[in-house]
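See below for the structure under consideration.
Where a number appears in this text, it was derived from the coordinates with a stated rule and is not lab data. Because the structure is predicted, anything quoted here is derived from the model rather than measured. Virtual Cβ from ideal backbone geometry, glycine too; neighbours counted across all protein chains shown.
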Amino acid sequence: MQRVTPFLWFDTQAEEAAKFYVTLVKNSKILGKVRSATGRRGGVFSVRFALDGHEYIAFNGGPHFQFTPAISLFVECEDQKEVDRLWNKILKHGGKASRCGWISDKYGVSWQIIPKKFNDLTADENPKKVAAVMQAMMGMIKFDVKALQKAYDAA
C-alpha cells in the first residue's frame, strides 16, 4: 500500500482534472470518489486516482489556494513520440508551455515532460558532453531528443 499520497487542491475541477490526467499516462484510472454532501464543489468532495500506478487525491476545496511550479508532476517519457503526445494533449486542452520541458495544464498544475534519453545523456561521465546537453536543453521549450543527441555527439 502506498503510504504517501500527493493531495491536489482544486477550486471545483477535481473530477474534471482527474479524468483528464488518467487519459495522459498509461496504466492510469479513477479509483474512487467521495460525493459532496452539500452538492457544491463541482459535485464531488474528492477523487482518488492513479497515474501509472501512483495514487493521487484531487480535492475540491474552493478558490483559496493556487498551484505553483514549485511542485510539478515529472513524467519520464520513453521517446520523442511520447513527449510529443503528452505535450500536445496538455496544450490542446488549455495548457501553457514554459521552458525546458515544463508545461502547466489548464488547472495550473505544472508538468515536466522529460525524455528518458535526456536523463541517460546527462548521466554520462564526460562533463563536456553533459554540459553540451544541458546547454541545448536550456534553449528548448519542448524537449527535442534529436537535438539533445546532436549536442551530445558534437561535444
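Brief remarks follow.
- Only alpha carbons enter this Debye calculation for the chain, each as an equal point scatterer, and the log10 of I(q)/I(0) it gives at q = 0.11, 0.13, 0.14 Å⁻¹ is -0.49, -0.65, -0.73.
- Most simply put, the chain has about 65% antiparallel DSSP beta bridges, counting only bridges with both residues inside it.
- The stretch 1-70: relative contact order as a whole-number percent, Cα under 8 Å and 6+ apart: 41
- Annotation: extensible slack from M134 through A97 equals 11.4 nm (criterion: 0.36 nm per residue apart, minus Cα-Cα distance).
- Counting Lys and Arg as +1 and Asp and Glu as -1 over every other residue whose Cβ lies under 13 Å from the Cβ of D120, the net charge comes to -2.
- Taking every DSSP helix (H) stretch of at least 4 residues in the chain, weighting each as -39,500 (n - 2.57) and dividing the sum by the residue count yields a mean residue ellipticity at 222 nm of -10000 deg cm²/dmol.
- One equal scatterer on each Cα of the stretch 67-155, no solvent, Debye formula: the resulting log10 I(q)/I(0) at q = 0.12, 0.14, 0.15, 0.21 Å⁻¹ is -0.36, -0.47, -0.54, -0.94.
- K26 versus E76: modelled label distance in nm, points set 7 Å from Cα along the beta carbon direction: 1.5
- Charge dipole (debye, nearest 20) of the chain; +1 at Cβ of Lys and Arg, -1 at Cβ of Asp and Glu: 480
- Furthest towards positive pole of dipole, Y56, V22, V44, structure part the chain, Cβ charges: V44
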